[in-house]
Every structure is written in C-alpha cells, then in structure tokens.
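Here's the structure we're looking at; comments come further down.
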Amino acid sequence: MNQMSSKRPILFVDVDGVISLFGFSHGDPPPGTFHWVDGVIHCINQACGPRLTRLSEAYELVWATGWEEKANEYLPHLLDLEVRELPLVTFDGGAVFGSAHWKLAALDEYARGRPAAWVDDFLDEECERWADGRAEPTLLVRTESHTGLTDELVDVLLGWAESL
C-alpha cells in the first residue's frame, strides 16, 4: 500500500458493519470467515483486503473504529494487507454502539485541513451535518451491516477521490 499520505484525501474506515459483517441471513453461506477477536466471534469479509488495497492508491487509510488498536492487531493479517499497521483515530474509550456521532470530534481533529471520506454503517444526521459543515470536501459512504464494503462502494470512493 502506498504510504505517501499528505497529498491524498483521508479515508476513515470503520470495522463493524464494514469489514466485520453481521445481520446476514443464517440460511445463506456466511459473507466471510469467522475469527475470534478478544473473545468475540466476527465474520470477517476477506474480500475487503483487496478492496482496501485498491483504495490505498487514492487515500490515506485510517482506522476509525471502536476497535482502536485492535484493528491493527488483527485485521492486516486477516485481510492479507501489504502493511501491518494503519494509522488510527483514538476515541478515549468513548465508543457507543449504534451510532457514529461519538466519533465526530476525533475525526474532525484528525482530518483538519484535508479532504476526507468516511465509510461506516451507522452514519446519522449529526454525521451528515458535520460533513456538510466542513470547509474541506467530505464524503460519507454508508454500508449495510450484512454486506459491508462492496466493490460498488469502492468504485464510488475512487470516483470521488479522482474528482478532487
């Protein structure tokens, strides 16, 4: 993955509902493989590895997840990423399941002065107001928790980065 970051937009990447999938039909084949992460089973979509690699050509990838440092401990290996660590945003233990607005202050500080995209399954109206109010170009990309980061969403993200 390309590490030249200062000239590229940031892509904030959530994990649950983006890479770790849930809410899918148990009658169908699972959309990934199951892995234990700190005593919790997660369905990790391995197709996200190549998708993140594609995105890294246009973006500085940054973990934006309640997993915080656990994302680097588990995901680069599970997704067969070329890098073993990505930058991450820390939230000082403020994770709140079921919303994304608790991430806003930390994301705003990290992205100050740079275009940013954010892929997450729990983007709400407060997140939309934040994105609309930023001086820098900002894109929010919502995933469905049972499908996560798809090729179609990657194409949207790459097209937006190219348009900057």
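The values are calculated or read from the model by the stated rules, or taken from the named source; none is laboratory data. Every value quoted in this text rests on a predicted model; they were computed, and no experiment measured them. Backbone-built Cβ (ideal geometry, glycine too); neighbour counts: all protein chains shown.
A few points about this structure:
- Residues that are out of contact with any Gly (no Cβ under 8 Å at 6 or more places or on another chain) and part of a strand (DSSP E or B) within region 28-49 comprise Thr33, Phe34, His35, Trp36, Val37, Val40, Ile41, His42, listed in sequence order.
- Single match in Leu107, Leu79, Leu86 (criterion: at pLDDT 95 or above, touching a strand residue (DSSP E or B) at 6+ places or on another chain (Cβ under 9 Å), over 21 Å from Thr53 (Cα atoms) and among the aliphatic types (A, V, I, L, M)): Leu107
- Some residue of region 60-73 being in contact (Cβ under 8 Å) with a residue 60 or more places away in the chain and more than 14 Å from Val15 (Cα to Cα): no
- Contacts under 6 angstrom Cβ, first residue in region 16-28 being without any contact (Cβ under 8 Å) to a residue 12 or more places away in the chain, partner of a type outside the set (Ser, Thr, Tyr) and not in a loop (DSSP other than H, G, I, E, B), 6 or more apart: none
- Some residue of region 145-152 being part of a helix (DSSP H, G or I) and either under 29 Å from Ser163 (Cβ atoms) or of a type in the set (D, E, K, R) (or both): yes
- Scope region 10-27; condition surrounded by 13 or more Cβ atoms within 10 Å (Cβ to Cβ) and part of a loop (DSSP other than H, G, I, E, B); matching residues: Asp14, Val15, Gly17, Val18, Ile19, Phe22, Phe24
- Residue list for region 50-73, filter: exposed (fewer than 15 other Cβ atoms within 10 Å of the Cβ) and part of a strand (DSSP E or B): none
- Taking the criterion of being among the β-branched types (Val, Ile, Thr) and at pLDDT 95 or above, the residues of region 41-68 that qualify are Ile41, Ile44, Thr53, Val62.
- The one condition in (1) more than 27 Å from Gly159 (Cα to Cα); (2) surrounded by 12 or more Cβ atoms within 10 Å (Cβ to Cβ); (3) free of Cβ contacts under 8 Å to residues at least 24 places away in the same chain; (4) not aliphatic (A, V, I, L, M) that Pro76 fails to fulfil: (1)
- Test for Trp102: is it without any contact (Cβ under 8 Å) to a residue 40 or more places away in the chain, in contact with a Gly (Cβ under 7 Å, 6 or more places away or on another chain) and either assigned to a helix (DSSP H, G or I) or of a type in the set (A, V, I, L, M, F, W, C) (or both): yes
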